[in-house]
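Trainee: Before I ask anything, here is the structure I am working with.
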């Protein structure tokens, strides 16, 4: 790592003890969560290592069936990304290959690459099962394995601590943030040879079988995924649409952000880019740099949301040994939940009643239907939605479970460090106690659905 460009070295972890590229096989960039060509540190590091060690380079995109809540909705976004990646890599002179696990096509691709590749680089995504997959490959690989942060402006390997309040994260990272907002993303101006050798799987022909929607759905029908969570038909995934959406917001929405951001009835008052950041379609480094150059109060507020309230959860999850567990809550919140554990719930809902928006509250049902149909929920409603769940469930653990399940199954930006923290924040994470104690919620901050519905 001593020879890596500094802007990549600070983002990179060496995951095993193999010191340098091994054998004559390709440098494999294994993409799991960062599907873009622009400002992609994993691809840039792959280019650098391949050129430095005179090895061919392969960009590998594998779509598994074993990720949490695998469904038509999430798979469709990943396949949209594949279309843009295939086209972009061709233009850049890179070899991109796509594997979609399905009937008759379930080889252990990364296990095979762990023995045949000269080096493996992957994008750092700090949630299980992705972390477990990387740990397993790193432990068995005959070559060096690196993971690279492609999701945060302040790299997780550089800071990567859990601090209990957002303002503390803001203060602790101020100098690092300023330095990176003022620097353009360096270009890795090398053109390694593209790998053309044998593969441990049959690649999907993106141009024929993914671009063509009829053939795409024929392929999807062979995947062991949830067919009941339908794609959000009006939302296209991939790098091109993410860049266009950012440009539209930059041109027409950014300067009104501070004034409009809390109005859930205003669909253009916020950027609606959380899914693009989650799937890695859009570089947060680029967005932050361009927003910082605007210099208005609205741009500053947007940067606060992007760089503090989004990145703080990523660094917290990176440092957490068991990200989903209730033990991540502060002790005051855990004590409060223990003290109210026997409080009667006036309404007790079954899981399927919450999932299909059959609560007694109209606003909550509208929020849940938005997730069901659109895969999206305005940020000003998300906390209100999440804080109603404990009132209808029998325990803290079940409230955390069903809140996370409903979010991750349907939200396009679900299964993300930000959404894990968001659900736990509804239960006291990154907050302080509010007295006096109330039934069920105790001293955890309350946000009443009825009050929110009638508030101006």
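All of the numbers you see were taken from the coordinates with simple rules; none came from a lab. Worth saying up front: this structure is predicted, and the values here are computed from it rather than measured. Positions of Cβ are backbone-derived with ideal geometry, glycine not excepted, and every protein chain shown enters the neighbour counts.
Trainee: When the expected Rg is taken as 2.2 N^0.38 Å, what fraction or multiple of it is the alpha-carbon Rg of region 254-371? Don't jump to the answer; show the numbers that get you there.
Mentor: Working: Rg = 18.9 Å, N = 118, 2.2 N^0.38 = 13.5 Å.
In units of the 2.2 N^0.38 Å rule of thumb, it is 1.40.
Trainee: How would region 1-158 be classified by its alpha-carbon gyration tensor: rounded, prolate or oblate, with rounded meaning a/c under 1.5 and the a/b versus b/c comparison settling the rest? Kindly include the intermediate steps, with their values, before the conclusion.
Mentor: Values: a/c = 1.36, a/b = 1.30, b/c = 1.05.
Taking the square roots of the gyration eigenvalues as a ≥ b ≥ c, region 1-158 is rounded.
Trainee: Counting each DSSP H run of 4 or more residues in the chain as -39500 (n - 2.57), what helix-only mean residue ellipticity at 222 nm follows after dividing by all residues, to the nearest 500 deg cm²/dmol?
Mentor: Values: 21 runs with 201 residues, N = 456.
The helix-only estimate for the chain comes to -12500 deg cm²/dmol at 222 nm.
Trainee: Quote the convex hull volume per residue of region 305-388, based on C-alpha atoms, as a whole number of Å³. Show your work: numbers first, answer last.
Mentor: Values: hull volume 11.6 nm³, N = 84.
Once divided by residue count, the hull of region 305-388 is 138 Å³.
Trainee: Continuing with the same structure: Work out the FRET efficiency for residue 6 and residue 136 from their Cβ-Cβ distance, taking R0 = 30 Å, and round it to the nearest 0.05. Don't jump to the answer; show the numbers that get you there.
Mentor: Values: r = 30 Å, r/R0 = 1.00.
Efficiency computed from Cβ-Cβ geometry: 0.50.
Trainee: Next question, about the same structure. Set the Förster distance to 41 Å, then compute FRET efficiency between residue 187 and residue 266 from the Cβ-Cβ distance, nearest 0.05.
Mentor: Working: r = 38 Å, r/R0 = 0.93.
Here the calculated transfer efficiency is 0.60.
Trainee: Would you calculate the separation in nanometres between label points at residue 52 and residue 434, each defined as 7 Å from the Cα along the Cα-to-beta-carbon direction?
Mentor: Distance between the two pseudo-spin positions: 5.0 nm.
Trainee: Distance in nm between label sites at residue 453 and residue 92, each 7 Å beyond Cα in the beta-carbon direction?
Mentor: Simple spin-label model gives 4.9 nm for this pair.
Trainee: Under the rule a/c < 1.5 gives rounded, and otherwise a/b versus b/c splits prolate from oblate, where does region 105-188 land using the Cα gyration tensor?
Mentor: Values: a/c = 3.31, a/b = 1.94, b/c = 1.70.
The shape class here is prolate.
Trainee: In addition: Once you have the Cα-Cα distance between residue 379 and residue 346, take 0.36 nm times their residue separation minus that, and quote the gain in nm to one decimal. Walk me through the intermediate numbers first.
Mentor: Working: separation 33, 0.36 × 33 = 11.88 nm, distance 2.73 nm.
Going from the current span to full extension adds 9.2 nm.
Trainee: Something else about it: Round to the nearest 10 and give me the degree value, 0 to 90, for the angle of helix 239-252's Cα axis relative to the longest principal axis of the chain.
Mentor: 50
Trainee: For residue 305 and residue 226 in the same chain, what is the full-extension length gain: residue separation times 0.36 nm, less their Cα-Cα distance, in nm? Let's see the in-between values first.
Mentor: Details: separation 79, 0.36 × 79 = 28.44 nm, distance 3.25 nm.
Extending this stretch completely gives an extra 25.2 nm.
Trainee: How do 22, 61 rank when sorted from fewest to most other Cβ atoms within 10 Å of their own Cβ? It would help to have the intermediate numbers written out before the result.
Mentor: On the way: 22 15, 61 24.
Lowest to highest Cβ neighbour count: 22, 61.
Trainee: On to the next question. In cubic angstrom, how much convex hull volume per residue do the alpha carbon atoms of the chain span?
Mentor: Numbers: hull volume 66.6 nm³, N = 456.
Output value, Cα hull per residue: 146 Å³.
Trainee: Taking the C-alpha atoms of region 239-319, how large are the radius of gyration and the largest Cα-Cα span, Dmax, in Å?
Mentor: So, for region 239-319, Rg and Dmax equal 12.4, 37 Å respectively.
Trainee: Let a ≥ b ≥ c be the square roots of the eigenvalues of the Cα gyration tensor of region 339-456; is it rounded (a/c under 1.5), or, if not, prolate (a/b larger than b/c) or oblate?
Mentor: Numbers: a/c = 1.41, a/b = 1.32, b/c = 1.06.
Rounded shape, in that the Cα axes give a/c under 1.5.
Trainee: Report, in degrees rounded to the nearest 10, the 0 to 90 angle that the Cα long axis of helix 41-52 makes with the longest principal axis of the chain.
Mentor: 20
Trainee: Shifting gears a bit: Roughly how tilted is helix 379-392, in degrees to the nearest 10 and between 0 and 90, from the longest Cα axis of the chain?
Mentor: 60
Trainee: If you average over every viewing direction, what projected area does the convex hull of the Cα atoms of region 12-55 give, in nm²?
Mentor: Details: hull surface 14.3 nm².
Quarter of the Cα hull surface area: 3.6 nm².
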